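The values are calculated or read from the model by the stated rules, or taken from the named source; none is laboratory data. These numbers come from a predicted model, not from an experiment. Cβ placement follows ideal geometry from the backbone for every residue including glycine, while neighbour counts extend to all protein chains displayed. Calculation scope for accessible area: heavy atoms of the full protein, side chains included, ligands and nucleic acids excluded. Shrake-Rupley method; radii C 1.70, N 1.55, O 1.52, S 1.80 Å.
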Amino acid sequence: MTAGVSWGRYPRASQQIIPLYWRDAGLPGAAGSLLPFGNGRSYGDVCLNDGGTLLHTRGLDRLIAFDAGSGVLRCESGTLFSEILAFAVPRGWFLPVTPGTQYITVGGAIANDVHGKNHHRAGTFGEHLLAFELLRSDGARLVCSRADNASLFGATIAGLGLTGLITWAQLRLKPIVSRAIDYEGIQFHGINEFLELKQRHKDVEYTVSWVDCVSTGKNFARGIFMLGGHSKVPGELKPSPEPRLVFPFEAPGFALNRTSVSAFNTLFFHKQRKPHVKTIQDYEPFFYPLDAILHWNRMYGRNGLVQFQYSLPWETAVEGTEAILRAIANSGLASFLAVLKTFGDIPSLGMMSFPQPGIMFALDFPIKTGITFPLLERLGDMTLDYGGRLYPAKDAAMTSRQFQTFYPNWERFARFRDPMITSSFWERVTDTTGARPTV
Ligand SMILES: Cc1cc2nc3c(=O)[nH]c(=O)nc-3n(C[C@H](O)[C@H](O)[C@H](O)COP(=O)(O)OP(=O)(O)OC[C@H]3O[C@@H](n4cnc5c(N)ncnc54)[C@H](O)[C@@H]3O)c2cc1C
């Protein structure tokens, strides 16, 4: 057994790890339960299997076929988005949907049905999938698409790795003519101003906002609304250089406190000196600002971090977001990297997908004994009262009661689960004893 953690470095799991290299090999025999594992960029326990075995898919990283006319790519499930971009960008193609890091695998992107800054225009990653192969523990290999094995297709998209091992996938890329992004950044004060900006720029391809959730008073919910689109002017299509900066060690626990985070937030807000800037940016800092420093999660010290990410429907979006932001500011638990977005109304194919039309908000908390988890439970309950839901990919704290209310389809979904597969997340959120995650 090896000790393992995900991106948040909490919780710690003890598990056997079996690397996979060949997509036509069967599932390896192992005592106990299995779980596919991509690149561990989920924050909590959705990619952990305490007491069981992880099937490590990074060895399944081959590009299988590419049609340069239509942009249809077939690749193995352990291929990273960064590897797809290294191949596709010089040929004038880009990912149809990408999250805030390029270091995720295609299998992980399907299993969490990831979303990006263009959800209002493109929906989730699953929307752009043409097919994939699912390998079940009984040896069955099922090619799933909208036409074939359609129920399993819908259960596997956002299926949290529980329906089987995805061995390869076929997806449609989108054309670009340059690495450049036409970028604008606009300062705002408050959620209503954010929504006005969003409405004014609703046809822009990519939008996302950073919001200060430490400040109160006149600076409450101030932020920067960032928008961009792929440049239409033909430009450079060279591959990206490797990132060079690495966060070298676990920071001491006291490094992140209200004063340091408040200073960071003020600096970030004023980094943009004018209320409105327009410029041209490379796609990497636009889509993946955090990837510039490898292992930035070490900044949170030995205890690790948890992310709290919710979506609220339009009816409660403003009231709920303001109430949750106030609860966070009053808690004194410092957090930067707070992201505010809206989700559009393109329905997800995944039975358990997280996005719903409305507001999405995400922020990281350091784990502080006796403080962080009670706060998360309270914020989870507020999310529940406002009719929202939390994102399993980022979660280490939702209770089984919260999960089962957020995802009323969960019992129908459970019928598609492979009987040999489970995860620490699934055991936690289907637990009936009322046990709570805590530190
Ligand atoms: C800095 C950062 C920013 C992020 N931004 C966003 C964002 O903007 N939007 C967003 O949606 N997410 C975001 N995420 C979360 C991330 O995109 C997801 O957690 C993603 O699923 C991680 O992929 P992974 O390859 O690392 O998979 P892992 O984290 O290793 O696994 C995730 C899930 O996929 C399953 N899985 C992996 N491979 C397979 C396979 N071959 N077959 C079946 N199941 C499989 C696992 O069992 C697990 O349930 C972000 C994460 C980070 C660290």
Unique match (being closer than 19 Å to residue 117 by Cα and open to solvent by 20 Å² or more (accessible area, probe 1.4 Å)) among 218, 232: 232
Residues of segment 396-419 satisfying the condition of being within 16 Å of the ligand (Cβ to nearest atom), among the charged types (D, E, K, R) and open to solvent by 10 Å² or more (accessible area, probe 1.4 Å): 417
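Table: residues versus (1) at pLDDT 95 or above; (2) in contact with a helix residue (DSSP H, G or I) (Cβ under 6 Å, 6 or more places away or on another chain); (3) within 30 Å of residue 359 (Cα to Cα).
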{"site": "110", "(1), (2), (3)": "yes, no, yes"}
{"site": "118", "(1), (2), (3)": "yes, no, yes"}
{"site": "126", "(1), (2), (3)": "yes, no, yes"}
{"site": "129", "(1), (2), (3)": "yes, no, yes"}
{"site": "157", "(1), (2), (3)": "yes, yes, yes"}
{"site": "177", "(1), (2), (3)": "yes, no, no"}
Test for residue 87: is it of a type in the set (Phe, Trp, Tyr) and away from the ligand (no atom under 12 Å from the Cβ): yes
Residues that are more than 6 Å from the ligand (Cβ to nearest atom) and open to solvent by 20 Å² or more (accessible area, probe 1.4 Å), drawn from segment 104-128: 117, 120, 121, 127, 128
Among (1) within 11 Å of the ligand (Cβ to nearest atom); (2) open to solvent by less than 10 Å² (accessible area, probe 1.4 Å); (3) in contact with a Phe, Trp or Tyr (Cβ under 7 Å, 6 or more places away or on another chain) - the single one residue 101 does not satisfy: (2)
All positions within segment 33-56 that are hydroxyl-bearing (Ser, Thr, Tyr), more than 8 Å from the ligand (Cβ to nearest atom) and open to solvent by 10 Å² or more (accessible area, probe 1.4 Å): 33
Odd one out for residue 431 among (1) in contact with a helix residue (DSSP H, G or I) (Cβ under 7 Å, 6 or more places away or on another chain); (2) within 16 Å of the ligand (Cβ to nearest atom); (3) open to solvent by 10 Å² or more (accessible area, probe 1.4 Å): (2)
Whichever residue in segment 326-336 is in a loop (DSSP other than H, G, I, E, B) and more than 16 Å from the ligand (Cβ to nearest atom) and, among such residues, is most open to solvent (accessible area, probe 1.4 Å): 332
The lone exception for residue 322 - which of (1) open to solvent by 20 Å² or more (accessible area, probe 1.4 Å); (2) under 19 Å from the mean Cα position of the chain (by Cα); (3) in contact (Cβ under 8 Å) with a residue 40 or more places away in the chain it fails: (2)
Subset of segment 369-379 that is free of Cβ contacts under 8 Å to residues at least 60 places away in the same chain and either of a type in the set (Asp, Glu) or open to solvent by less than 40 Å² (accessible area, probe 1.4 Å) (or both) - its residue that is nearest to residue 325 (Cα to Cα): 375
Any hit, segment 65-74, residues being near the ligand (Cβ under 9 Å from one of its atoms), open to solvent by less than 50 Å² (accessible area, probe 1.4 Å), among the β-branched types (Val, Ile, Thr) and touching a residue at least 24 places away in the same chain (Cβ under 8 Å): no
Subset of segment 410-422 that is outside any helix (DSSP H, G or I), more than 21 Å from the chain's Cα centre (by Cα) and not basic (Lys, Arg) - its residue that is nearest to residue 350 (Cα to Cα): 416
Scan of segment 170-201 for residues that are part of a strand (DSSP E or B) and within 30 Å of residue 241 (Cα to Cα), ordered by number: 170, 171, 172, 174, 175, 180, 181, 182, 183, 184, 185, 186
Candidate set: segment 337-360, residues that are farther than 23 Å from residue 111 by Cβ and of a type in the set (A, V, I, L, M); chosen: the one farthest from the ligand (Cβ to nearest atom): 359
